[in-house]
1. Please work out if Pro77 is buried (at least 19 other Cβ atoms within 10 Å of the Cβ), touching an Asp or Glu at 6+ places or on another chain (Cβ under 8 Å) and not in a helix (DSSP H, G or I).
2. How many residues are more than 28 Å from Ala221 (Cα to Cα) and assigned to a helix (DSSP H, G or I) when one looks only at region 103-119?
3. Among (1) part of a helix (DSSP H, G or I); (2) among the aliphatic types (A, V, I, L, M); (3) in contact with a strand residue (DSSP E or B) (Cβ under 8 Å, 6 or more places away or on another chain), where does Leu71 come up short?
4. Being part of a helix (DSSP H, G or I), in contact (Cβ under 8 Å) with a residue 24 or more places away in the chain, of a type outside the set (Val, Ile, Thr) and more than 24 Å from Gly190 (Cα to Cα) is the filter here, so list the residues in region 24-52 that pass it.
5. Against the condition surrounded by fewer than 22 Cβ atoms within 10 Å (Cβ to Cβ), modelled with pLDDT of 95 or more, in contact with a strand residue (DSSP E or B) (Cβ under 9 Å, 6 or more places away or on another chain) and aliphatic (A, V, I, L, M), how does Ile220 come out, does it pass?
6. Quick check on my filter: what residues within region 41-81 are more than 19 Å from the chain's Cα centre (by Cα), farther than 16 Å from His95 by Cα and at pLDDT below 95?
7. Given the residues Gly15, Gly30, which is the only one that is surrounded by 21 or more Cβ atoms within 10 Å (Cβ to Cβ) and not assigned by TED's automatic domain parsing to the domain that holds Leu195?
8. Which one is surrounded by the fewest Cβ atoms within 10 Å (Cβ to Cβ) among residues in region 108-163 that are aromatic (Phe, Trp, Tyr) and modelled with pLDDT of 95 or more?
Amino acid sequence: MKLGYYPGCCMESTGQAFGKSTEKVLEALGVSLEEINDWNCCGSTPAHQADHLLSLALSARNLVQASEQGLDKITAPCAACYNHLKAAEVEFESHADEINEVLEKSHKGDVSVYNLLEVLIELVGMDKVKERVSNPLKGLKVAPFYGCLLTRPAKVTNFDHPTNPQSMDNLLEVLGADVVQWGAKTDCCGAGYSLTGTEIVLKHCGNILEEAKGVGADVIAVACPLCQLNLDTRQSEVEKELGRKLNMPVVYITELLGLSLGLPKSELALGKRLVSSKPILKKRKVI
(Lines give C-alpha, C1' and ligand atoms only; values in the text may rest on other atoms or scores of the structure.)
Protein backbone atom coordinates (compact mmCIF):
# COMPACT_ATOMS: atom_id res chain seq x y z
CA MET A 1 0.00 0.00 0.00
CA LYS A 2 1.34 3.43 -0.94
CA LEU A 3 0.45 6.40 1.22
CA GLY A 4 1.40 10.05 0.98
CA TYR A 5 3.42 11.25 3.96
CA TYR A 6 3.31 14.69 5.53
CA PRO A 7 6.05 14.70 8.21
CA GLY A 8 5.53 18.27 9.37
CA CYS A 9 8.08 20.37 11.22
CA CYS A 10 8.19 18.34 14.46
CA MET A 11 9.21 15.10 12.77
CA GLU A 12 12.43 16.74 11.67
CA SER A 13 13.15 18.42 15.02
CA THR A 14 11.78 17.61 18.48
CA GLY A 15 9.71 14.65 17.26
CA GLN A 16 12.40 12.77 15.36
CA ALA A 17 11.77 9.61 17.39
CA PHE A 18 8.11 9.71 16.37
CA GLY A 19 9.02 10.15 12.72
CA LYS A 20 11.60 7.38 12.78
CA SER A 21 9.36 4.89 14.58
CA THR A 22 6.38 5.77 12.36
CA GLU A 23 8.37 5.04 9.22
CA LYS A 24 9.75 1.78 10.62
CA VAL A 25 6.45 0.32 11.84
CA LEU A 26 4.54 1.24 8.70
CA GLU A 27 7.27 -0.30 6.57
CA ALA A 28 7.03 -3.47 8.66
CA LEU A 29 3.26 -3.52 8.07
CA GLY A 30 3.61 -3.17 4.30
CA VAL A 31 2.92 0.54 3.94
CA SER A 32 5.14 2.47 1.54
CA LEU A 33 5.35 6.16 2.46
CA GLU A 34 5.93 8.78 -0.22
CA GLU A 35 6.85 12.15 1.25
CA ILE A 36 4.95 15.10 -0.19
CA ASN A 37 7.21 17.21 -2.37
CA ASP A 38 8.08 20.68 -1.11
CA TRP A 39 5.65 20.47 1.80
CA ASN A 40 5.24 23.52 4.04
CA CYS A 41 4.39 24.08 7.70
CA CYS A 42 0.70 23.55 8.45
CA GLY A 43 0.64 26.92 10.22
CA SER A 44 0.05 25.37 13.63
CA THR A 45 -1.37 27.60 16.38
CA PRO A 46 -0.06 31.00 15.13
CA ALA A 47 -1.80 30.84 11.73
CA HIS A 48 -4.94 29.33 13.24
CA GLN A 49 -5.18 32.20 15.72
CA ALA A 50 -4.23 34.96 13.27
CA ASP A 51 -6.29 34.22 10.17
CA HIS A 52 -8.60 31.30 9.43
CA LEU A 53 -8.19 31.57 5.66
CA LEU A 54 -4.40 31.64 6.04
CA SER A 55 -4.55 28.52 8.18
CA LEU A 56 -6.70 26.71 5.61
CA ALA A 57 -4.57 27.85 2.67
CA LEU A 58 -1.27 26.78 4.27
CA SER A 59 -2.61 23.29 4.88
CA ALA A 60 -4.47 23.12 1.56
CA ARG A 61 -1.23 23.82 -0.30
CA ASN A 62 0.10 20.51 1.02
CA LEU A 63 -3.00 18.76 -0.27
CA VAL A 64 -2.42 20.37 -3.68
CA GLN A 65 1.17 19.15 -3.66
CA ALA A 66 -0.01 15.63 -2.81
CA SER A 67 -2.64 15.68 -5.54
CA GLU A 68 -0.08 16.78 -8.12
CA GLN A 69 2.02 13.75 -7.10
CA GLY A 70 -0.94 11.47 -7.73
CA LEU A 71 -1.54 10.83 -4.04
CA ASP A 72 -5.18 10.60 -2.95
CA LYS A 73 -4.52 9.44 0.63
CA ILE A 74 -1.99 10.99 2.99
CA THR A 75 -1.09 10.60 6.63
CA ALA A 76 0.01 13.34 9.01
CA PRO A 77 1.16 11.54 12.19
CA CYS A 78 1.51 14.75 14.25
CA ALA A 79 -1.91 15.39 15.80
CA ALA A 80 -1.67 19.16 15.30
CA CYS A 81 -0.67 18.81 11.64
CA TYR A 82 -3.40 16.22 11.12
CA ASN A 83 -6.00 18.51 12.64
CA HIS A 84 -5.05 21.44 10.40
CA LEU A 85 -4.74 19.40 7.21
CA LYS A 86 -8.02 17.63 7.97
CA ALA A 87 -9.73 20.99 8.47
CA ALA A 88 -8.46 22.07 5.05
CA GLU A 89 -9.85 18.86 3.54
CA VAL A 90 -13.24 19.15 5.24
CA GLU A 91 -13.70 22.91 4.79
CA PHE A 92 -12.33 23.09 1.25
CA GLU A 93 -15.73 22.84 -0.45
CA SER A 94 -17.12 25.87 1.40
CA HIS A 95 -13.93 27.93 0.89
CA ALA A 96 -12.73 26.58 -2.48
CA ASP A 97 -12.72 29.86 -4.40
CA GLU A 98 -10.92 31.77 -1.63
CA ILE A 99 -8.32 29.05 -1.09
CA ASN A 100 -7.61 28.58 -4.79
CA GLU A 101 -7.25 32.34 -5.21
CA VAL A 102 -4.68 32.50 -2.42
CA LEU A 103 -2.78 29.49 -3.76
CA GLU A 104 -3.17 30.46 -7.41
CA LYS A 105 -4.04 26.82 -8.02
CA SER A 106 -7.13 24.88 -8.97
CA HIS A 107 -7.39 22.27 -6.24
CA LYS A 108 -10.20 19.74 -6.65
CA GLY A 109 -10.41 18.60 -3.04
CA ASP A 110 -9.43 15.04 -4.00
CA VAL A 111 -7.05 14.16 -1.15
CA SER A 112 -8.08 12.41 2.08
CA VAL A 113 -6.12 12.97 5.30
CA TYR A 114 -5.62 10.20 7.87
CA ASN A 115 -4.10 10.31 11.33
CA LEU A 116 -1.77 7.50 12.32
CA LEU A 117 -4.38 5.57 14.30
CA GLU A 118 -6.73 5.65 11.32
CA VAL A 119 -3.97 4.31 9.09
CA LEU A 120 -3.28 1.41 11.45
CA ILE A 121 -6.91 0.55 12.16
CA GLU A 122 -8.75 1.39 8.93
CA LEU A 123 -6.14 1.06 6.18
CA VAL A 124 -3.78 -1.60 7.53
CA GLY A 125 -6.34 -3.36 9.72
CA MET A 126 -6.19 -4.73 13.25
CA ASP A 127 -6.06 -8.33 12.01
CA LYS A 128 -2.84 -7.68 10.11
CA VAL A 129 -1.33 -5.88 13.10
CA LYS A 130 -2.29 -8.78 15.37
CA GLU A 131 -0.74 -11.30 12.97
CA ARG A 132 2.58 -9.46 13.12
CA VAL A 133 2.83 -9.20 16.93
CA SER A 134 5.78 -11.31 18.05
CA ASN A 135 6.66 -9.61 21.34
CA PRO A 136 3.41 -8.91 23.24
CA LEU A 137 3.48 -6.06 25.75
CA LYS A 138 2.17 -8.39 28.45
CA GLY A 139 2.12 -6.84 31.92
CA LEU A 140 2.88 -3.31 30.71
CA LYS A 141 0.27 -0.91 32.09
CA VAL A 142 -0.34 1.76 29.48
CA ALA A 143 -2.44 4.92 29.77
CA PRO A 144 -3.49 5.88 26.21
CA PHE A 145 -3.40 9.65 25.73
CA TYR A 146 -5.17 11.13 22.69
CA GLY A 147 -4.87 14.79 23.63
CA CYS A 148 -7.20 17.43 22.28
CA LEU A 149 -6.55 17.38 18.53
CA LEU A 150 -6.99 13.79 17.31
CA THR A 151 -10.71 13.61 17.98
CA ARG A 152 -11.87 17.23 18.20
CA PRO A 153 -13.66 19.10 16.78
CA ALA A 154 -15.75 16.08 15.79
CA LYS A 155 -17.19 17.84 12.72
CA VAL A 156 -13.65 18.03 11.34
CA THR A 157 -12.00 14.82 12.53
CA ASN A 158 -15.06 12.52 12.34
CA PHE A 159 -12.83 9.98 14.05
CA ASP A 160 -13.66 8.02 17.20
CA HIS A 161 -15.59 9.48 20.13
CA PRO A 162 -14.51 13.08 20.86
CA THR A 163 -14.23 12.66 24.64
CA ASN A 164 -14.04 8.89 25.19
CA PRO A 165 -12.14 7.48 22.20
CA GLN A 166 -11.25 3.79 22.08
CA SER A 167 -9.07 3.36 18.98
CA MET A 168 -5.70 3.54 20.77
CA ASP A 169 -7.09 1.48 23.65
CA ASN A 170 -8.10 -1.25 21.19
CA LEU A 171 -4.76 -1.13 19.39
CA LEU A 172 -2.85 -1.44 22.67
CA GLU A 173 -4.97 -4.44 23.64
CA VAL A 174 -4.07 -6.10 20.33
CA LEU A 175 -0.41 -5.46 21.20
CA GLY A 176 -0.92 -7.32 24.49
CA ALA A 177 -0.68 -4.34 26.85
CA ASP A 178 -2.76 -3.84 29.98
CA VAL A 179 -4.77 -0.74 29.09
CA VAL A 180 -5.39 1.60 32.01
CA GLN A 181 -8.76 3.35 32.13
CA TRP A 182 -8.54 7.00 33.08
CA GLY A 183 -10.36 10.29 32.66
CA ALA A 184 -7.58 12.48 31.25
CA LYS A 185 -7.13 10.71 27.92
CA THR A 186 -8.44 13.64 25.85
CA ASP A 187 -7.26 16.51 28.04
CA CYS A 188 -5.18 19.31 26.54
CA CYS A 189 -1.51 19.28 27.58
CA GLY A 190 -1.28 23.05 27.07
CA ALA A 191 1.29 22.93 24.26
CA GLY A 192 -0.16 26.05 22.65
CA TYR A 193 0.87 28.02 25.74
CA SER A 194 4.41 26.66 25.97
CA LEU A 195 6.00 30.07 25.46
CA THR A 196 3.32 32.47 26.66
CA GLY A 197 1.68 30.75 29.62
CA THR A 198 4.00 28.42 31.50
CA GLU A 199 1.72 28.31 34.54
CA ILE A 200 -1.14 27.06 32.34
CA VAL A 201 1.08 24.37 30.83
CA LEU A 202 2.27 23.17 34.23
CA LYS A 203 -1.29 22.94 35.51
CA HIS A 204 -2.46 20.91 32.50
CA CYS A 205 0.58 18.64 32.45
CA GLY A 206 0.44 18.18 36.21
CA ASN A 207 -3.18 17.05 36.11
CA ILE A 208 -2.46 14.54 33.34
CA LEU A 209 0.71 13.13 34.91
CA GLU A 210 -0.83 12.89 38.39
CA GLU A 211 -3.87 11.03 37.12
CA ALA A 212 -1.76 8.58 35.12
CA LYS A 213 0.33 7.92 38.22
CA GLY A 214 -2.77 7.61 40.36
CA VAL A 215 -4.35 4.89 38.22
CA GLY A 216 -1.16 2.83 38.22
CA ALA A 217 0.13 3.40 34.70
CA ASP A 218 3.68 2.34 33.86
CA VAL A 219 3.82 4.64 30.83
CA ILE A 220 1.68 7.14 28.94
CA ALA A 221 1.32 6.42 25.21
CA VAL A 222 0.86 9.38 22.87
CA ALA A 223 0.37 10.00 19.14
CA CYS A 224 1.46 13.64 19.13
CA PRO A 225 5.02 15.04 19.31
CA LEU A 226 3.79 18.19 21.05
CA CYS A 227 2.11 16.18 23.81
CA GLN A 228 5.16 13.96 24.20
CA LEU A 229 7.53 16.92 24.45
CA ASN A 230 5.34 18.79 26.90
CA LEU A 231 4.60 15.89 29.25
CA ASP A 232 8.23 14.76 29.23
CA THR A 233 10.12 18.04 29.50
CA ARG A 234 7.72 19.70 31.96
CA GLN A 235 7.72 16.76 34.34
CA SER A 236 10.60 17.96 36.52
CA GLU A 237 8.89 21.34 36.99
CA VAL A 238 5.62 19.62 37.89
CA GLU A 239 7.47 17.43 40.40
CA LYS A 240 8.98 20.51 42.07
CA GLU A 241 5.53 22.03 42.50
CA LEU A 242 4.09 18.77 43.85
CA GLY A 243 7.07 18.06 46.08
CA ARG A 244 7.31 14.44 44.94
CA LYS A 245 8.62 12.35 42.07
CA LEU A 246 6.32 11.11 39.32
CA ASN A 247 8.82 9.35 37.04
CA MET A 248 6.20 8.79 34.33
CA PRO A 249 7.69 7.86 30.93
CA VAL A 250 5.84 9.27 27.92
CA VAL A 251 6.29 7.10 24.83
CA TYR A 252 4.96 7.15 21.30
CA ILE A 253 2.36 4.55 20.36
CA THR A 254 4.61 3.74 17.38
CA GLU A 255 7.48 2.82 19.72
CA LEU A 256 5.28 0.36 21.60
CA LEU A 257 3.97 -0.98 18.30
CA GLY A 258 7.52 -1.37 16.99
CA LEU A 259 8.61 -3.30 20.09
CA SER A 260 5.57 -5.58 19.84
CA LEU A 261 6.41 -6.27 16.19
CA GLY A 262 9.90 -7.31 17.23
CA LEU A 263 11.72 -4.37 15.67
CA PRO A 264 15.17 -3.61 17.13
CA LYS A 265 14.93 -0.93 19.82
CA SER A 266 17.83 0.86 18.11
CA GLU A 267 15.44 1.67 15.25
CA LEU A 268 12.89 3.25 17.58
CA ALA A 269 14.99 5.93 19.36
CA LEU A 270 13.70 4.88 22.79
CA GLY A 271 16.52 6.48 24.74
CA LYS A 272 15.94 10.06 23.66
CA ARG A 273 13.78 11.16 26.63
CA LEU A 274 14.28 13.06 29.86
CA VAL A 275 12.22 10.41 31.67
CA SER A 276 13.51 7.10 30.32
CA SER A 277 11.10 4.27 29.56
CA LYS A 278 13.86 1.66 29.52
CA PRO A 279 13.78 0.73 33.25
CA ILE A 280 10.06 -0.10 33.25
CA LEU A 281 10.22 -1.77 29.82
CA LYS A 282 13.04 -3.99 31.10
CA LYS A 283 11.16 -4.69 34.33
CA ARG A 284 8.10 -5.79 32.33
CA LYS A 285 10.39 -7.80 30.01
CA VAL A 286 9.33 -5.86 26.92
CA ILE A 287 12.99 -5.18 26.04
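1. No; evaluated as a whole, the condition is false for this residue.
2. 1
3. Here Leu71 meets the rest and fails (1).
4. Answer for region 24-52, where residues must be part of a helix (DSSP H, G or I), in contact (Cβ under 8 Å) with a residue 24 or more places away in the chain, of a type outside the set (Val, Ile, Thr) and more than 24 Å from Gly190 (Cα to Cα): Lys24, Leu26, Ala28.
5. no
6. Answer for region 41-81, where residues must be more than 19 Å from the chain's Cα centre (by Cα), farther than 16 Å from His95 by Cα and at pLDDT below 95: Pro46, Ala47, Gln49, Ala50.
7. Checking each option against the conditions leaves just Gly15.
8. Going through the qualifying residues, I end up with Tyr114.
The values are calculated or read from the model by the stated rules, or taken from the named source; none is laboratory data. Values in this document were obtained by computation on a predicted structure and should not be read as measured data. Note that we place each Cβ from the backbone using ideal geometry, even for glycine, and neighbour counts take in every protein chain shown.
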